[in-house]
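What follows is a single structure, written as structure tokens, with notes after it.
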Amino acid sequence: MATSSLELLARSWRQQAMPLHHSLSILRPKVLTEFLSCEVVHSRIHFHRIPYACKKVPCMYQRSVRCSSSAAVETPVTSASAPVNSGGSDPGAPTWRASLDFKWIRENRDAIAQNIQNRNSSADVDLVVQLYDKSISVGHEVEKLRTERNRVANAMKGKLDPGKRQELIEEGKRLKDALTDLEADLSLLSEQLQREGQKIPNMTHPQVAVGSEAAATVHKMVGSKREFDFPVKNHVELGESLELMDFEAAAEVSGTKFYYLKNEGMLLELALVNWALSELVKRGFVPYSTPDLVRSSVIEKCGFQPRGSNTQVYSVEGTDLCLAGTAEILLGGLYMDQILSEKQLPLKLVAFSHCFRTEAGAAGSATRGLYRVHQFSKLEMFVICKPEDSERFHEELISIEEELFSSLGLHFKILDMPTEDLGAPAYRKYDFEAWMPGLDRYGEISSASNCTDYQSRRLSIRYRPTDDIILPTGKKGKAPLQFAHTLNATAVAVPRMIVSILENFQQSDGSILIPKVLQPYMSGRELICRKSN
């Protein structure tokens, strides 16, 4: 029997697609059972843009999915944690899906391309759009083949002469083989689309300066530099003379960029954490302590690269676990794959954690001592809120940090960081840099980032609005789910706070004046003095 037109169309597409396959150097995986988030054989997928009050914060909007009786294919939207390649042969295939709105990406291609360029990112939005358009095209062809196969199956239900039945059987087999091949190609496209789509960074606040770290703008200066009438020492000299830290023993035991804190040095660490924690609990933050190990997939969903060549993450060999670099990842993972109610928002969390970073390539006198280390303690704030509230909570986090550092008596500046200094998740980021007289420069002690819906789309953190909506039928219905926004800010990064305190409050006799707010947490001590022999 002659080959059907749909088979020829499928073969034609496969021949056209081969250069794309080779150019991406991807091995074709086994057939997967799922590509779209909704079966398309007998369904129509309607997409409705979710109302979004804060138009100043552009996002890759999610759309709600509803099904009716006829077939069509459009924007693939899937759970952020749904497995993509469960047993496929491509080892480089993504292991989870981000709920990216590829139609929105296509419609805003130019703006996204400019944003990628401004951030000096390696993402390729043109390739993403190409893959998306191809997946839509192939999805339609898959649907046509399924319709044709169903037609053949239905035709065989009636009374037929043996010759006609055999003819339909052979046609059904050919359609099945063609459909299997085309579904495999669709699965391959799905993996490629996810892989490339996940590389696209968040959009950027329009007021953020374009350029490298040197283009940062000063948002605010707080306090002034202290004038010394004696030679200033750095924190390493002070810490060793006062027996607060030991770098040599740590190097023997653990390696360079590790340290022991002892005596008042260790007490100062606990004082900083307990003081800041008590202040944040008063402001409604729920306190947590977090695990030190985290799955690499959760790190990826938060926008970090645990396995890349330039990673700052320690991986545990033979497992999918990594040492956590920040509690932000653990707090985001805490609500992964959850649907919250609007009444639960905002969620204000604060976590004490140990942080581990490779600090690859860091060298020089400015990184000596406690300033840049492989392990440190940190108190991190994390907020999950509605989209229209995220800029307000960003300002609140910045205000909290300013109050904390001011009450310690530090001189610092707040910087609005430029595009190339933003990590992939951040829509806008402010850095806090304190004056460190021993190092004779400003050093970063904290940051505060608004990540909008970048992380929640990957972690699948959604909420159900309280207010009902009016359906086309005129009846009331539940509002579609929306992706929450996430924000993070450091309340205390212990080592650099110790650097700032030792260097700014050193006295002429080599002692250290303890900031008043910390004295109750250090058994009332006012000074750190030399130990008597």
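Comparison of ALA216, ALA184 shows that the only residue that is among the small types (Gly, Ala, Ser), surrounded by fewer than 23 Cβ atoms within 10 Å (Cβ to Cβ) and touching a strand residue (DSSP E or B) at 6+ places or on another chain (Cβ under 7 Å) is ALA216. Among residues of segment 270-286 that are closer than 10 Å to LEU404 by Cα and open to solvent by less than 50 Å² (accessible area, probe 1.4 Å), those with a beta-carbon under 7 Å from a residue that is outside any helix (DSSP H, G or I) and among the small types (Gly, Ala, Ser) at least six positions away or on a different chain give the pairs ALA276/ALA491; LEU280/ALA491.
Tell me, please, whether a residue that is open to solvent by 20 Å² or more (accessible area, probe 1.4 Å) and in a helix (DSSP H, G or I) can be found in segment 348-355. Scanning segment 348-355, I find no residue that is open to solvent by 20 Å² or more (accessible area, probe 1.4 Å) and in a helix (DSSP H, G or I), so the answer is no. Within segment 132-159, residues that are surrounded by 15 or more Cβ atoms within 10 Å (Cβ to Cβ) have Cβ atoms under 9 Å from residues that are acidic (Asp, Glu) and not in a helix (DSSP H, G or I) in these pairs: ILE136/GLU74; GLY139/GLU74, counting only partners at least 6 apart in sequence or on another chain.
Kindly indicate whether THR452 is buried (at least 23 other Cβ atoms within 10 Å of the Cβ) and either of a type in the set (Asp, Glu) or assigned to a loop (DSSP other than H, G, I, E, B) (or both). Please lay out each step first, then the result.
Values: buried (at least 23 other Cβ atoms within 10 Å of the Cβ): yes; either of a type in the set (Asp, Glu) or assigned to a loop (DSSP other than H, G, I, E, B) (or both): yes.
Yes.
With the condition kept exactly as written, say whether any residue in segment 425-436 is among the acidic types (Asp, Glu), surrounded by fewer than 23 Cβ atoms within 10 Å (Cβ to Cβ) and free of Cβ contacts under 8 Å to residues at least 24 places away in the same chain. Yes; the residues of segment 425-436 include at least one that is among the acidic types (Asp, Glu), surrounded by fewer than 23 Cβ atoms within 10 Å (Cβ to Cβ) and free of Cβ contacts under 8 Å to residues at least 24 places away in the same chain.
Using the structure shown, decide if GLU227 is open to solvent by 70 Å² or more (accessible area, probe 1.4 Å), in contact with a Lys or Arg (Cβ under 8 Å, 6 or more places away or on another chain) and assigned to a loop (DSSP other than H, G, I, E, B). Against the criterion (open to solvent by 70 Å² or more (accessible area, probe 1.4 Å), in contact with a Lys or Arg (Cβ under 8 Å, 6 or more places away or on another chain) and assigned to a loop (DSSP other than H, G, I, E, B)), GLU227 does not qualify. With respect to the conditions (1) closer than 26 Å to ALA327 by Cα; (2) crowded, with 23+ Cβ neighbours inside 10 Å; (3) among the aliphatic types (A, V, I, L, M), ILE528 falls short on a single one, namely (1).
The residues of segment 203-258 that are on the phi < 0 side of the Ramachandran plot and of a type in the set (Gly, Ala, Ser), listed by number, are ALA209, SER212, ALA214, ALA215, ALA216, SER224, GLY239, SER241, ALA249, ALA250, ALA251, SER254. Within segment 295-343, being in a helix (DSSP H, G or I) and of a type in the set (Val, Ile, Thr) holds for VAL298, ILE299, ILE329. Scanning segment 63-81 finds no residues that are open to solvent by less than 30 Å² (accessible area, probe 1.4 Å), over 30 Å from PRO206 (Cβ atoms) and modelled with pLDDT of 50 or more. So, of the residues in segment 237-258 that are hydrophobic (A, V, I, L, M, F, W, C) and within 35 Å of the chain's Cα centre (by Cα), which turns out to be surrounded by the fewest Cβ atoms within 10 Å (Cβ to Cβ)? Among those that are hydrophobic (A, V, I, L, M, F, W, C) and within 35 Å of the chain's Cα centre (by Cα), it is VAL253. Within segment 504-523, residues that are outside any strand (DSSP E or B) have Cβ atoms under 7 Å from residues that are of a type in the set (Gly, Ala, Ser) in these pairs: GLY510/SER241; PRO515/GLY409; VAL517/SER407; LEU518/ALA271; TYR521/ALA271; MET522/ALA271, counting only partners at least 6 apart in sequence or on another chain.
Scanning segment 415-424 for residues that are surrounded by 21 or more Cβ atoms within 10 Å (Cβ to Cβ) and among the hydrophobic types (A, V, I, L, M, F, W, C) returns LEU415, MET417, LEU422.
Can you name the residue in segment 473-510 that is among the polar types (S, T, N, Q) and over 24 Å from LEU280 (Cα atoms) and is also surrounded by the fewest Cβ atoms within 10 Å (Cβ to Cβ) among such residues?
Selected residue: THR473.
The values are calculated or read from the model by the stated rules, or taken from the named source; none is laboratory data. Not measured: the values here are computed from a predicted model. Note that we place each Cβ from the backbone using ideal geometry, even for glycine, and neighbour counts take in every protein chain shown. Calculation scope for accessible area: heavy atoms of the full protein, side chains included, ligands and nucleic acids excluded. Shrake-Rupley method; radii C 1.70, N 1.55, O 1.52, S 1.80 Å.
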